[in-house]
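So the structure is just underneath, and the comments pick up after that.
The values are calculated or read from the model by the stated rules, or taken from the named source; none is laboratory data. As the structure is a prediction and not an experimental result, all values here were calculated from the model. FYI the Cβ positions are ideal-geometry reconstructions off the backbone, even for glycines, and counts take in every protein chain you see. Please note that ligands, DNA and RNA were not included when accessible areas were found on the heavy atoms of the full protein model with its side chains. Shrake-Rupley method; radii C 1.70, N 1.55, O 1.52, S 1.80 Å.
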Amino acid sequence: LSDMGQFAAAIESCKKALQLGASQSVYFNLGIAQQGLGDIGNSLNSFKTVADFSQKSNNQELNQKATQRIELLQRVARGEISLYTVNQFLYAADLALAGNTSQAIRIYEGIISKTPNFAEAHLELANCLAIQKNYRASLQHYQNAEILQFEM
């Protein structure tokens, strides 16, 4: 439902699933739906629940995903980046994972043009450029990411 933009329906489905005793990892999908509605506070709480649960169950992949979302949403809450930027960043990451690096590059470049201090976008753009063997541009974005990380 979240993938189709039906965030309110997704939230209700997740809540019902949790009431029926579904795994606590359902909180990840709940967090995505809450994020889609712009509910940063509840989304953060859902991802924190996922991070706690995944750490206890030693699910490192789920813990990494939840932790990344927490860090990004905390930056939104502090006003450092916009929720739109985070959503675009995560969309580009999904495209890159699916092998669509060309489209991911365009999105990362758009993010960087509006939010030049977003180190993670430089890093992911560098990764995509390296996959396409554009090493000179890749190196530049790796360097930008490194510089920006030290400034944080």
Let me check something: with ligands and nucleic acids excluded, how do 86, 76 order by accessible area (1.4 Å probe), largest to smallest?
76, 86
From DSSP H assignment alone, runs of 4+ in the chain each adding -39500 (n - 2.57), the sum over residues rounded to the nearest 500 puts [θ] at 222 nm at -25500 deg cm²/dmol
State the percentage of accessible surface on the chain attributable to carbon and sulfur atoms; use a 1.4 Å probe and exclude ligands, DNA and RNA.
50
Percentage of interatomic Cα-Cα distances in segment 95-152 larger than 18 Å
26
Per DSSP, the loop-located GluC sites (Glu not before Pro) within segment 1-110 having at most 16 other beta carbons within 10 Å are 80
Per the C-alpha gyration tensor (a ≥ b ≥ c, the square roots of its eigenvalues), segment 1-70 is rounded if a/c is under 1.5, else prolate if a/b beats b/c, else oblate; here it's oblate
Checking the cross-link filter: which lysines have an alpha carbon closer than 30 Å to that of residue 16, excluding same-chain neighbours under 8 positions apart?
48, 56, 65
So the FRET efficiency between residue 6 and residue 61, C-beta based with R0 = 25 Å and rounded to 0.05, is 0.45
Using a 1.4 angstrom probe, figure out how much accessible area the chain has per residue, in square angstrom, rounded to the nearest whole.
59
Surface/4 of the Cα convex hull for the chain, nm²:
9.5
Segment 45-120 shape via C-alpha gyration tensor axes, a/c threshold 1.5:
oblate
Which net charge results for the neighbourhood of residue 110, defined as the other residues with beta-carbon distances under 15 angstrom from its beta-carbon, given Lys and Arg at +1 and Asp and Glu at -1?
-1
So what's the net charge close to residue 101: Lys and Arg +1, Asp and Glu -1, counting the other residues with Cβ under 14 Å from its Cβ?
-1
